[in-house]
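Structure first, commentary second.
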Amino acid sequence: MIRHHLGVAVAAATLLVASQAAAHAKLVSSNPAANATVAAPKIITLTFSEKLVPAFSKFEVVMPEHGGMKVAVKTTVSKDGKSLTGAPTAALSAGAYKVVWTAATADGHKVSGEVAFKVG
Ligand SMILES: [Cu+2]
């Protein structure tokens, strides 16, 4: 954990020189939208208000009706740095899902949250 935080601090120090006005990331929108019922999404996208630090920004997809079982998904940060996308490695079956995200900004702080949706 110490190494983990040092990494953020070093990244933050470097990035702050270029951008003094770093702010915390806020979730702006998501696809699927929060609390929506949708056909199984091939890609899940979360869009934020600020550029994210890729090494410390990610999400997991869990199934709350199945004891929080994790769905395999690999996330990446978009080129503009403001979106996190993830493709489930297998089609999502009908049921409830939660996208549990962590978004780190250049000041080294992490913000986290959840987006719930259903496949029906
Ligand atoms: Cu901060």
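The values are calculated or read from the model by the stated rules, or taken from the named source; none is laboratory data. Note that the structure is predicted; figures quoted are calculated from it, not measured. When we count neighbours, we look across all protein chains shown, and the Cβ atoms used for this are built from the backbone with ideal geometry, even at glycine.
Go through the residues of region 85-96 one by one and say whether even a single one is over 14 Å from the mean Cα position of the chain (by Cα), surrounded by 15 or more Cβ atoms within 10 Å (Cβ to Cβ) and more than 16 Å from the ligand (Cβ to nearest atom).
First, pick out the residues of region 85-96 that are over 14 Å from the mean Cα position of the chain (by Cα): 89-96.
Filter once more, so that each one left must be surrounded by 15 or more Cβ atoms within 10 Å (Cβ to Cβ): 92, 96.
When the remaining residues are screened for being more than 16 Å from the ligand (Cβ to nearest atom), the result is 92, 96.
For region 85-96, residues over 14 Å from the mean Cα position of the chain (by Cα), surrounded by 15 or more Cβ atoms within 10 Å (Cβ to Cβ) and more than 16 Å from the ligand (Cβ to nearest atom): present.
Before we move on, is Leu52 touching a residue at least 60 places away in the same chain (Cβ under 8 Å), in contact with a strand residue (DSSP E or B) (Cβ under 9 Å, 6 or more places away or on another chain) and either exposed (fewer than 11 other Cβ atoms within 10 Å of the Cβ) or of a type outside the set (Asp, Glu) (or both)?
no
If you check Lys82 against the conditions, is it under 15 Å from Val28 (Cβ atoms), of a type in the set (Lys, Arg) and under 11 Å from the mean Cα position of the chain (by Cα)? Let's see the steps before the verdict.
Working: under 15 Å from Val28 (Cβ atoms): yes; of a type in the set (Lys, Arg): yes; under 11 Å from the mean Cα position of the chain (by Cα): yes.
So Lys82 passes the test.
Could you say which residue among Ala36, Ala22, Ala12 is surrounded by 12 or more Cβ atoms within 10 Å (Cβ to Cβ), at pLDDT below 95 and either within 26 Å of Gly95 (Cβ to Cβ) or in contact with a Leu (Cβ under 9 Å, 6 or more places away or on another chain) (or both)? So that I can check it myself, show each step before the final result.
Numbers: Ala36 fails: at pLDDT below 95; Ala12 fails: either within 26 Å of Gly95 (Cβ to Cβ) or in contact with a Leu (Cβ under 9 Å, 6 or more places away or on another chain) (or both).
Just one listed residue meets the conditions, Ala22.
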